[in-house]
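The values are calculated or read from the model by the stated rules, or taken from the named source; none is laboratory data. All values reported here derive from a predicted model rather than from experimental measurement. In this analysis, Cβ positions are derived from the backbone assuming ideal geometry, glycine residues included, and neighbour counts consider all displayed protein chains.
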Amino acid sequence: MSIPSVLVTGSCGLIGSEVSVFFARQGFRVVGIDDNHRAIFFGPEGDTSWVLDRLRREIPGYRHEALDIRDRDGVLALVEELRPSLIIHTAAQPSHDRAAAIPFLDFEVNALGTLHLLEAARRSCPESPFIHMSTNKVYGDRPNTIPLVELETRWDYADKAFENGIPEEFSIDQSKHSLFGASKVAGDIMVQEYGLYFNMPTCCLRGGCLTGPNHSGVELHGFLSYLIKCNLEGREYKVYGYKGKQVRDNIHSEDVARFMFEFWKAPRVAQVYNLGGGKGNACSILEAFGKAEAVSGRPMKWRYVEENRVGDHICYYSDLRKMRAHYPAWDITRPLGGIFEEITSAWMERLAHKGV
């Protein structure tokens, strides 16, 4: 029996690296694509060179390609050479806020890069599952039209139709997305279309707050990781609008990888899943401050900015019922408290190495 192979784009990012290590443990040969564009997007704090070192240490025979997914010929040639058993596409310009300053780069990476990979897959390995990391930002600010109730430390849905969270059939149309959200919509729809039009096993995972101890969190991307880093360094954290009661659901990167493995074992055509922590792993920024302080024992320094981020969700958590119905062997295994502990421990170790 031949050894399965997986091609992971964005292999030095949070999800890409977790997925690479996870699938290596399942016996896959792993090839990663990552040209450290995160350092271009976010500067030195976004540099992921340390993650590449980790992958080379932890994955036997790991092959790395410093390829820009905007390079059409390079992508087509690599996929033709590899003909991987599975493609997991996590590479992206990931910041809601940063996209407005780099609109061409954002769209070329998120939309055009996705098209390059899809067409490469169609030409060379159309039967191989294609898993695309989309985002809940494809819904734009439309979730903000749902009636809300204001509680002491958070907003929540007042409409009982959403008591389990946002479902996959929620409209992505007629809303403000941010340029990042729009470029991710383009990629998301194209992944669905290649599935529907060419009958390829594709899926879009519309992620909530994806997190874990290996996240290089920065202010513009990486909510929990950056918040905990600020707490440990005594750095001021800025809260943008909504009284700090805006809610996010948080999912550990390993639970993301576990779902991808279930999809690989029983792929479906052109599916969409809202992949987040669900209601059980949801918290507001104010609640996150309390959890961070409880774990570290350090006070949170923060400042309130009245103006909210453009297109920001006031309350968002994922309805996980479709995922659980399609893949009953999968569920959330990492509760929110444990996630805070893991991220805090990882940052303390990293900061200690830097002498902070």
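Only one residue in S85, S95, S124, S134 is touching a Cys at 6+ places or on another chain (Cβ under 7 Å) and either buried (at least 16 other Cβ atoms within 10 Å of the Cβ) or under 26 Å from Q271 (Cβ atoms) (or both). Which one?
Exactly one of S85, S95, S124, S134 is touching a Cys at 6+ places or on another chain (Cβ under 7 Å) and either buried (at least 16 other Cβ atoms within 10 Å of the Cβ) or under 26 Å from Q271 (Cβ atoms) (or both), namely S134.
Going by what's in this entry, would L148 be described as touching a Cys at 6+ places or on another chain (Cβ under 9 Å) and at pLDDT below 95? Before the answer, list the steps.
Working: touching a Cys at 6+ places or on another chain (Cβ under 9 Å): yes; at pLDDT below 95: no.
Answer is no for this residue.
Is it true that R350 is exposed (fewer than 14 other Cβ atoms within 10 Å of the Cβ) and over 25 Å from C203 (Cα atoms)?
Taking the combined requirement at face value, the residue does not satisfy it.
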| task | Can you tell me which residue within the stretch 98-112, out of those that are of a type outside the set (A, V, I, L, M) and without any contact (Cβ under 8 Å) to a residue 60 or more places away in the chain, is surrounded by the fewest Cβ atoms within 10 Å (Cβ to Cβ)? | result | F104
| How many of the residues making up the stretch 70-82 are surrounded by fewer than 16 Cβ atoms within 10 Å (Cβ to Cβ) and not charged (D, E, K, R)? | 1
| task | Would you confirm whether any residue within the stretch 27-37 is more than 25 Å from L115 (Cβ to Cβ), of a type outside the set (S, T, N, Q) and either surrounded by fewer than 16 Cβ atoms within 10 Å (Cβ to Cβ) or modelled with pLDDT under 95 (or both)? | result | yes
| query | Is it true that some residue in the stretch 14-24 is in contact with a Cys (Cβ under 9 Å, 6 or more places away or on another chain) and more than 22 Å from W347 (Cβ to Cβ)? | reply | no
| remark: Reported set for the stretch 179-204 where residues are of a type in the set (A, V, I, L, M) and either without any contact (Cβ under 8 Å) to a residue 40 or more places away in the chain or part of a helix (DSSP H, G or I) (or both) is L179, A182, V185, A186, I189, M190, V191, L196
| task | Residue by residue through the stretch 1-42, note down the ones that are free of Cβ contacts under 8 Å to residues at least 40 places away in the same chain and outside any helix (DSSP H, G or I). | result | M1, S2, I3, G27, R29, V30, G32, D35, N36
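Yes or no, residue by residue, for (1) touching a residue at least 40 places away in the same chain (Cβ under 8 Å); (2) of a type in the set (A, V, I, L, M, F, W, C); (3) touching a Lys or Arg at 6+ places or on another chain (Cβ under 6 Å); (4) surrounded by fewer than 22 Cβ atoms within 10 Å (Cβ to Cβ):
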residue	(1), (2), (3), (4)
R248	yes, no, no, no
W264	yes, yes, no, yes
A270	yes, yes, no, yes
G280	yes, no, no, yes
| request: Consider only pairs whose beta carbons are under 8 Å apart and that are at least six residues apart or on different chains; among these, list those whose first residue lies in the stretch 69-87 and is polar (S, T, N, Q) and whose second residue is surrounded by 15 or more Cβ atoms within 10 Å (Cβ to Cβ) and in a strand (DSSP E or B). | output: S85/S5; S85/V6
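Being over 14 Å from K184 (Cα atoms) and under 20 Å from the mean Cα position of the chain (by Cα) is the filter here, so list the residues in the stretch 82-101 that pass it. Steps first, please.
Initial filter on the stretch 82-101 (over 14 Å from K184 (Cα atoms)): 82-88, 101.
L86, I87, I88 - these are the residues of the stretch 82-101 that are over 14 Å from K184 (Cα atoms) and under 20 Å from the mean Cα position of the chain (by Cα).
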| Residue that is surrounded by the fewest Cβ atoms within 10 Å (Cβ to Cβ), among those in the stretch 38-67 that are of a type in the set (A, V, I, L, M, F, W, C) and closer than 23 Å to E81 by Cα | A66
| said: One residue is enough: does the stretch 2-15 have a residue meeting the conditions hydroxyl-bearing (S, T, Y), surrounded by 21 or more Cβ atoms within 10 Å (Cβ to Cβ) and modelled with pLDDT of 95 or more? | reply: yes
| query | Across the stretch 315-334, what is the total count of residues that are in contact with a helix residue (DSSP H, G or I) (Cβ under 7 Å, 6 or more places away or on another chain) and surrounded by fewer than 19 Cβ atoms within 10 Å (Cβ to Cβ)? | reply | 5
| When only residues in the stretch 151-178 that are assigned to a helix (DSSP H, G or I) and modelled with pLDDT of 95 or more count, which is surrounded by the most Cβ atoms within 10 Å (Cβ to Cβ)? | F162
| task | Looking at (1) outside any helix (DSSP H, G or I); (2) buried (at least 20 other Cβ atoms within 10 Å of the Cβ); (3) of a type in the set (A, V, I, L, M), find the lone condition where A288 falls short. | result | (1)
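Out of K160, K137, I need the residue that is more than 19 Å from I69 (Cα to Cα), without any contact (Cβ under 8 Å) to a residue 60 or more places away in the chain and of a type in the set (K, R). Which one? It would help to see each step written out before you state the result.
Values: K137 fails: without any contact (Cβ under 8 Å) to a residue 60 or more places away in the chain.
None of the other options fit; the residue is K160.
Mind listing just one residue for me: the one in the stretch 334-355 that is in a helix (DSSP H, G or I) and of a type in the set (D, E, K, R) and, of those, modelled with the lowest pLDDT?
So the first thing to find is which residues in the stretch 334-355 are in a helix (DSSP H, G or I), and the list is 336-354.
Adding the requirement that they be of a type in the set (D, E, K, R) leaves 341-342, 349-350, 354.
Working: E341: 96, E342: 95, E349: 89, R350: 84, K354: 70.
Within the stretch 334-355, the match that is modelled with the lowest pLDDT is K354.
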